[in-house]
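What follows is one structure encoded as structure tokens, with my remarks underneath.
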Amino acid sequence: MMAREFRVLRRNAVATFTRAVMQPLLFVFVFAYVFPKIGGGFMLGGSAAAAGAGAAAAGGVNFATILVPGLMASMLLMQGIMAVTFPLVMEFSWQRTIEDRALAPVPIRVLALQKITAGAVQSFLGALIVFPIVLLVHAPGQAPQVDVTSWALFAFILVFSSLLTASLGLLLGTIMDPRKMQMLFAVILLPATMLGCVYYPWAALSHIRWLQIAVLINPMVYMSEGLRAVLTPSLPHMAMWAVLLALVGGTVVFGYLGTRTFTKRVLN
């Protein structure tokens with residue numbers, strides 16, 4: 001089954017690569033290249049002079065540095081969910097192509113785990129594609145300040161973030177009505193991205209305390225903050241124990257729930 005997934009992925013390599021590259025490339029191009037070119041440096045919160053003073057106080061951290069872990073987390077979420085949810089919608093449609101796979105001489109839960117694994121692989125590859133983009137696309141003098149504190153921890157966060165998003169994709173793909181899949185973007189992906197600490201550190205939300213607490217239910221926050229801790233340690237970030245607990249615990253919880261709903265959906 002995994003060999004089939006890789007064969008499909010290889011045949012659709014161009015479409016997969018384009019889908020993975022376009023969104024982060026546009027964000028990085030606008031925020032890290034266009035804005036510094038037209039405004040002398042883009043910083044959040046006020047005028048260029050005030051932003052420059054704030055940047056100096058913060059050690060000269062530019063916006064491109066903030067974008068590196070955030071856009072990687074965004075790609076992990078988008079790619080992991082889409083790689084699992086969209087194929088499930090087609091397989092559970094009126095043609096019921098899922099029955100072909102259900103005939104494999106393995107328990108149904110193994111088929112669910114295979115889908116999680118395949119989605120996690122695509123999510124992981126998407127994050128690896130984004131990494132050089134956010135490092136290389138920027139205006140002169142606006143290069144992100146990246147310092148990998150631990151390659152092992154970096155790989156661990158990428159792997160469990162990929163598994164978490166793929167598990168979430170399996171759960172969403174088995175509980176959502178296929179006729180209402182457009183709500184996936186409006187109700188889940190868009191709010192998760194905008195409130196997932198992609199464009200700002202979680203600590204920056206301390207001025208809006210209720211929102212800082214509310215976004216803790218968003219798994220993307222922990223992916224962004226975990227990557228921020230290992231890639232841009234100069235920025236404030238969440239405690240690593242909280243990040244690892246959320247990523248591992250979320251993978252277990254979403255994986256268990258997704259496997260159960262998938263099994264029930266196939267048998268029904």
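The values are calculated or read from the model by the stated rules, or taken from the named source; none is laboratory data. All values reported here derive from a predicted model rather than from experimental measurement. Here the Cβ positions follow ideal geometry from the backbone for every residue, glycine too, while neighbour counts run over all protein chains shown. The protein model used for the area step is the full one, side chains on, heavy atoms only, and it has no ligands, DNA or RNA in it. Shrake-Rupley method; radii C 1.70, N 1.55, O 1.52, S 1.80 Å.
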Q: Kindly express, to the nearest 10 degrees and within the range 0 to 90, the angle between helix 48-57's C-alpha long axis and the longest C-alpha principal axis of the chain.
A: 80 degrees
Q.
Test of understanding: in a Gaussian network model of the chain with alpha carbons linked when under 10 Å, which of Gly173, Gly126, Gly249 would top the mean-square fluctuation ranking?
A. Gly249
Q. Just how large is the dipole of the chain about the Cα centre, in debye to the nearest 20, putting +1 at every Lys and Arg Cβ and -1 at every Asp and Glu Cβ?
A. 660 debye
Q: Give me the angle, in degrees from 0 to 90, between the Cα long axis of helix 2-11 and the longest principal axis of the Cα atoms of the chain, rounded to the nearest 10.
A: 60 degrees
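Could you state the accessible area per residue of the chain in Å², with a 1.4 Å probe and every protein chain left in place?
48 Å²
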**Q.** Under 20 Å from the Cα of Lys264 - aspartates and glutamates, other chains or at least 8 residues apart
**A.** Glu91, Glu99, Asp100, Asp177
Q.
Between 0 and 90 degrees, rounded to the nearest ten: what's the tilt of helix 63-91 against the longest Cα principal axis of the chain?
A. 10 degrees
